[in-house]
Amino acid sequence: MLTPSHNPQLIRQSKIEQALHQVDIEQEFSLVFQPVIDLRSRRTVAFEALARWSSLELGDVPPCQFIPIAERIGLINRLSTHLLGKALMIAADWPPHISLSFNLSTHDCASDEVAEQIVSIIQESNFDPRRLDLEITETAIMQDVVKVQHSIDRFCRLGCGVALDDFGTGYSSLSQLLSLAFTKIKIDRAFVIGIDENPVSYKIVKSLVALSRDMQLECIVEGVETREELEALISLGCFFVQGYYFARPMCHSDINGWLKENSMAGDVSEASVKR
Ligand code: G
Ligand code: MN
């Protein structure tokens, strides 16, 4: 019989947990930034900050592995607040038309105290909250919808945008989700993979785009990797996109160079961008 100590996945999780218990957040965590592109102007309009962990013991650990464990052991708030402060500091140097998107954990929004802490960090940063979008993932919202709603309202009052991240991947009640005061939705890359040849994905994105338009929510499509996917999205009238096709997440010191070039991988200008 296989005991937990022989299960490689459980062993890995336990190693991550141990390493997180003694992590030096400031030293081991960093941020990378992925551009969000407006297909109408072909310009970068924002960067999404993404957390990276380079563990002294384990090397690079991807967010999908460390975030759930950081949430479980109660480290996530400390991590989010530290990284948010850092992201705001970096973004303060950007041109004023460039926004920042930052991922919060639902745990950050499930307590009034933590939400207030986040509000204070934003206020103390001197970064215009209207240039900030906070992203919250769909999958976990329903666990404490009332508290999350409270936090979203609080962030909106401050002037921030609030984006529903990974839309379509959870099993949330649609009406309950859309009753929250989101200002944007982000369509998960699961629906974008092969959208040019998969009629089901195409129809799903088509209806999500229509839904966002009806709800007057801005819509951002994540995970565009190929020219064919991009063209399918353009034909659906999508405006805002992110993905490896344009740029991988980059280190903050590369941002100025990227904005100067701002060539959008050349290919976008050839595509028939709808205006
Ligand atoms: O949950 P969220 O959608 O914020 O996750 C973003 C993650 O997806 C980041 O870790 C980022 O590196 C990754 N990512 C960004 N663009 C692409 C892409 O085009 N393809 C794939 N496979 N991953 C991407
Ligand atoms: Mn995100």
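Suppose we keep only residues that are at pLDDT below 90, of a type in the set (A, V, I, L, M) and within 22 Å of Phe191 (Cα to Cα) within segment 144-179. Which one would you say is surrounded by the fewest Cβ atoms within 10 Å (Cβ to Cβ)? Looking at residues that are at pLDDT below 90, of a type in the set (A, V, I, L, M) and within 22 Å of Phe191 (Cα to Cα), I get Leu174. Residue count for segment 57-68 under the criterion of being surrounded by fewer than 20 Cβ atoms within 10 Å (Cβ to Cβ) and touching a residue at least 40 places away in the same chain (Cβ under 8 Å): the result is 3. In the set (1) small (Gly, Ala, Ser); (2) at pLDDT below 95; (3) more than 13 Å from ligand 1 (Cβ to nearest atom); (4) surrounded by 18 or more Cβ atoms within 10 Å (Cβ to Cβ), the condition left unmet by Ser105 is number (3).
I'd like the full set of residues that are among the β-branched types (Val, Ile, Thr), part of a loop (DSSP other than H, G, I, E, B) and more than 10 Å from ligand 1 (Cβ to nearest atom), limited to segment 182-195. Across segment 182-195, the qualifying residues are Thr183, Ile195.
Scanning segment 28-47 for residues that are closer than 22 Å to Leu84 by Cα and either of a type in the set (Lys, Arg) or in a helix (DSSP H, G or I) (or both) returns a single hit, Glu28.
With respect to Val36, determine if the residue is in contact with a Phe, Trp or Tyr (Cβ under 9 Å, 6 or more places away or on another chain) and away from ligand 2 (no atom under 16 Å from the Cβ). So Val36 does not fit the description; no.
Please indicate, with yes or no, whether at least one residue in segment 186-206 is of a type outside the set (A, V, I, L, M), more than 27 Å from Ile69 (Cα to Cα), touching a Phe, Trp or Tyr at 6+ places or on another chain (Cβ under 6 Å) and more than 14 Å from ligand 2 (Cβ to nearest atom). There is at least one residue in segment 186-206 that is of a type outside the set (A, V, I, L, M), more than 27 Å from Ile69 (Cα to Cα), touching a Phe, Trp or Tyr at 6+ places or on another chain (Cβ under 6 Å) and more than 14 Å from ligand 2 (Cβ to nearest atom). In segment 213-261, which residue that is closer than 28 Å to Leu88 by Cβ and acidic (Asp, Glu) is surrounded by the most Cβ atoms within 10 Å (Cβ to Cβ)? The residue in question is Glu222. Among the numbered conditions (1) in a helix (DSSP H, G or I); (2) out of contact with any Ser or Thr (no Cβ under 8 Å at 6 or more places or on another chain), the only one that Leu50 does not meet is (1).
The values are calculated or read from the model by the stated rules, or taken from the named source; none is laboratory data. Everything quoted here is computed from the prediction, not taken from an experiment. Ideal geometry is used to build each Cβ from the backbone, glycine not excepted, and the neighbour counts take in all protein chains shown.
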